[in-house]
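Asks: This is the structure I want to talk about, given as structure tokens.
The values are calculated or read from the model by the stated rules, or taken from the named source; none is laboratory data. Because the structure is a prediction, the values reported are computed rather than measured. Positions of Cβ are generated from backbone atoms using ideal geometry, with glycine treated the same way; all protein chains shown enter the neighbour counts. The accessibility values were calculated without ligands, DNA or RNA, using every heavy atom of the protein model including side chains. Shrake-Rupley method; radii C 1.70, N 1.55, O 1.52, S 1.80 Å.
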Amino acid sequence: MNALREALQNAATPVEVFFRDDDAGWEDARLLELIARFAEHGLPVDLAVIPNELHEPLAAKLIDTHAGLHQHGFAHTNHQLEGRKCEFGPARDKSAQRADIADGRTRLQHLLGDRLEPFFTPPWNRCTHATAETLVELGFALLSREHKVEPFGLLSELPVHLDVARLAPDELDERFARHVEHGGPVGVMFHHGVMEPEDMARASALLELLATHPNVKAKTMRELCP
Ligand SMILES: [Zn+2]
């Protein structure tokens with residue numbers, strides 16, 4: 001993490017960073033371990049929770065953690081027959097999307113109560129204009145996707161920039177440093193479900209650096225929601 005450490009050292013002002021872990025509902029043991037790592041370092045984490053995969057025992061455990069909780073699609077199902085995977089892609093019209101988003105929210109409200117935040121992360125970080133329109137109609141306050149796409153301009157967006165679970169360590173270091181140089185907020189994405197023990201150890205080292213560096217301001221998604 002030398003490039004990142006150097007970029008932080010050179011930052012004129014502290015850089016805001018937030019952490020989004022996706023796919024809560026899958027691989028519960030790994031999920032709870034990752035949340036514990038954040039807690040050990042005193043860092044916030046926001047979980048994107050798959051409504052159709054959340055069950056009561058896990059919901060009870062998540063409510064007991066410090067994690068922020070928001071909606072991750074409905075069932076994490078790919079509906080595209082070709083091209084890149086999407087649950088909320090062009091293959092489905094607005095009414096089909098709306099039914100899923102509303103059902104998912106009802107389910108999460110039932111299981112998470114007032115811990116549920118009105119934020120939406122689409123699976124695979126991709127959705128359409130119709131999705132954004134639907135989110136506005138249903139009263140969502142924030143959409144979180146990939147930073148490379150143009151914002152829809154319909155509701156606030158808080159994109160992620162880095163995928164800790166999928167980038168090689170050197171690439172993560174370099175890319176993280178570049179985003180720090182551009183100023184924040186930098187969105188750091190995790191996928192606990194694919195993180196092997198060595199990935200967890202590396203993530204912990206990253207969290208240690210971020211938790212202790214004076215030029216990092218760790219924020220929740222709620223704090224960054226305008
Ligand atoms: Zn996902």
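Asks: Give the stretch 40-60 a look and list any residue that's of a type in the set (D, E, K, R) and surrounded by fewer than 13 Cβ atoms within 10 Å (Cβ to Cβ), or say none.
Replies: If the condition is that a residue be of a type in the set (D, E, K, R) and surrounded by fewer than 13 Cβ atoms within 10 Å (Cβ to Cβ), then E40, E56 are the ones that fit.
Asks: Test R202 against the stated conditions and say whether it is surrounded by fewer than 19 Cβ atoms within 10 Å (Cβ to Cβ), out of contact with any strand residue (DSSP E or B) (no Cβ under 8 Å at 6 or more places or on another chain), farther than 27 Å from P57 by Cα and in contact (Cβ under 8 Å) with a residue 40 or more places away in the chain.
Replies: no
Asks: Oh, and also: All but one of (1) part of a helix (DSSP H, G or I); (2) free of Cβ contacts under 8 Å to residues at least 24 places away in the same chain hold for W124; state the number of the condition that does not hold.
Replies: (2) is the only condition that W124 fails.
Asks: Among the numbered conditions (1) out of contact with any His (no Cβ under 7 Å at 6 or more places or on another chain); (2) surrounded by fewer than 20 Cβ atoms within 10 Å (Cβ to Cβ), tell me where G104 comes up short.
Replies: Unmet condition: (2).
Asks: Out of all the residues in the stretch 130-145, is one or more hydrophobic (A, V, I, L, M, F, W, C), within 30 Å of M200 (Cβ to Cβ), within 16 Å of the ligand (Cβ to nearest atom) and not in a strand (DSSP E or B)?
Replies: no
Asks: Looking only at helices (runs of 4 or more DSSP H) that fall completely inside the stretch 158-226, which ones have 3 or more residues that are over 18 Å from the mean Cα position of the chain (by Cα)?
Replies: 169-181, 197-212
Asks: Go through the residues of the stretch 102-112 one by one and say whether even a single one is touching a helix residue (DSSP H, G or I) at 6+ places or on another chain (Cβ under 7 Å), closer than 19 Å to N78 by Cβ and within 16 Å of the ligand (Cβ to nearest atom).
Replies: Yes.
Asks: Among (1) closer than 19 Å to G25 by Cα; (2) more than 20 Å from the chain's Cα centre (by Cα); (3) within 16 Å of the ligand (Cβ to nearest atom), there is one condition P123 misses while meeting the rest; what is its number?
Replies: (2)
Asks: Do we find a residue being over 22 Å from L172 (Cα atoms), in contact with a helix residue (DSSP H, G or I) (Cβ under 8 Å, 6 or more places away or on another chain) and not aliphatic (A, V, I, L, M) anywhere in the stretch 12-26?
Replies: yes
Asks: With respect to the numbered conditions (1) hydrophobic (A, V, I, L, M, F, W, C); (2) within 16 Å of the ligand (Cβ to nearest atom); (3) open to solvent by 30 Å² or more (accessible area, probe 1.4 Å), which one is the sole condition not fulfilled by C86?
Replies: Among (1) hydrophobic (A, V, I, L, M, F, W, C); (2) within 16 Å of the ligand (Cβ to nearest atom); (3) open to solvent by 30 Å² or more (accessible area, probe 1.4 Å), C86 violates only (3).
Asks: Next question, about the same structure. Take A24 and decide whether it is within 18 Å of V194 (Cβ to Cβ) and crowded, with 16+ Cβ neighbours inside 10 Å.
Replies: Considered against the rule, which asks whether it is within 18 Å of V194 (Cβ to Cβ) and crowded, with 16+ Cβ neighbours inside 10 Å, A24 comes out as yes.
Asks: Just one of the numbered conditions (1) at pLDDT 95 or above; (2) within 18 Å of the chain's Cα centre (by Cα); (3) among the β-branched types (V, I, T) is not true of T134; which one?
Replies: For T134, the failing item is (2).
Asks: Within the stretch 53-83, count every residue that is more than 12 Å from the ligand (Cβ to nearest atom) and either at pLDDT 95 or above or not in a loop (DSSP other than H, G, I, E, B) (or both).
Replies: 17
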